[in-house]
Amino acid sequence: GILTSCVAAVRARVVVITDVLPERLDIARGICDRLRGVLVRDLSPEASSERIRQELGEAPIVVLDCVGFEASMRTALHTVRSGGRVVLVGCGHHEMTLPLTGAAQREVDIFGIFRYRNSYPVALELMASGKLVLDKVITHRYPFTEEGVREGFETARTGRDNAVKVMFDLDD
């Protein structure tokens, strides 16, 4: 989600991100200072939506759900403006119960993307131009050994030490 938000911040006027952990919002803002963060811990999708709209000053045209949980998709559908677009990037739940009738009545378009199809050329262009710097996104590096891989995957799985992206050094 943080990396997707950083890419969006290159092209969008304003990007608001949400998380249930304040530490993750701090990490995200440290990586990309154009991000605004909204803490949504213990908030309903409707209350989260209201906080996001307050932060923006309006309803967003596009909402990217990088988590893919039912609550995050409900928040996205409540938050986006009529005629807007919700993009499901994350795949946290295989099935969800969502307020699709309301979204259809508001003419909200819902798109899905999996494994970032067709996004690599844009990402490479942004990196080459210097508009997207990934140094801060890679927070942990491990040797490409059995123990290093085990430890790296455990760090990624648990998010320990505020892990964002874990890389394996193939040269070690």
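Data overview
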quantity: Check on residue 30, touching a residue at least 12 places away in the same chain (Cβ under 8 Å), open to solvent by less than 20 Å² (accessible area, probe 1.4 Å) and closer than 28 Å to residue 131 by Cα; calculated: no
quantity: Set 102, 90, 68: member being over 24 Å from residue 164 (Cβ atoms) and not acidic (Asp, Glu); calculated: 102
quantity: Evaluation of residue 41 against (1) surrounded by fewer than 13 Cβ atoms within 10 Å (Cβ to Cβ); (2) within 20 Å of residue 84 (Cα to Cα) (one fails), failing number; calculated: (2)
quantity: Exclusive hit being open to solvent by 70 Å² or more (accessible area, probe 1.4 Å) and closer than 28 Å to residue 106 by Cβ, set 50, 23; calculated: 50
quantity: Looking only at the stretch 102-133, and only at residues there that are aliphatic (A, V, I, L, M) and touching a strand residue (DSSP E or B) at 6+ places or on another chain (Cβ under 8 Å), the one that is farthest from residue 76 (Cα to Cα); calculated: 113
quantity: Positions within the stretch 1-55 being under 23 Å from residue 114 (Cα atoms), touching an Asp or Glu at 6+ places or on another chain (Cβ under 9 Å) and either of a type in the set (Asp, Glu) or not in a helix (DSSP H, G or I) (or both), in sequence order; calculated: 1, 16
quantity: Complete set of residues in the stretch 1-27 that are in contact (Cβ under 8 Å) with a residue 60 or more places away in the chain and over 19 Å from residue 72 (Cβ atoms); calculated: 10
quantity: Verdict on residue 40 being out of contact with any Leu (no Cβ under 9 Å at 6 or more places or on another chain), under 25 Å from residue 163 (Cα atoms) and aliphatic (A, V, I, L, M); calculated: yes
quantity: Unique residue being open to solvent by 40 Å² or more (accessible area, probe 1.4 Å), under 24 Å from residue 48 (Cβ atoms) and out of contact with any Leu (no Cβ under 6 Å at 6 or more places or on another chain) when the list is 70, 147; calculated: 70
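The values are calculated or read from the model by the stated rules, or taken from the named source; none is laboratory data. This structure is a prediction, so every number in the text was calculated from the model and none was measured. All Cβ positions, even for glycine, are placed from backbone atoms using ideal geometry, and neighbour counts span all protein chains on display. The protein model used for the area step is the full one, side chains on, heavy atoms only, and it has no ligands, DNA or RNA in it. Shrake-Rupley method; radii C 1.70, N 1.55, O 1.52, S 1.80 Å.
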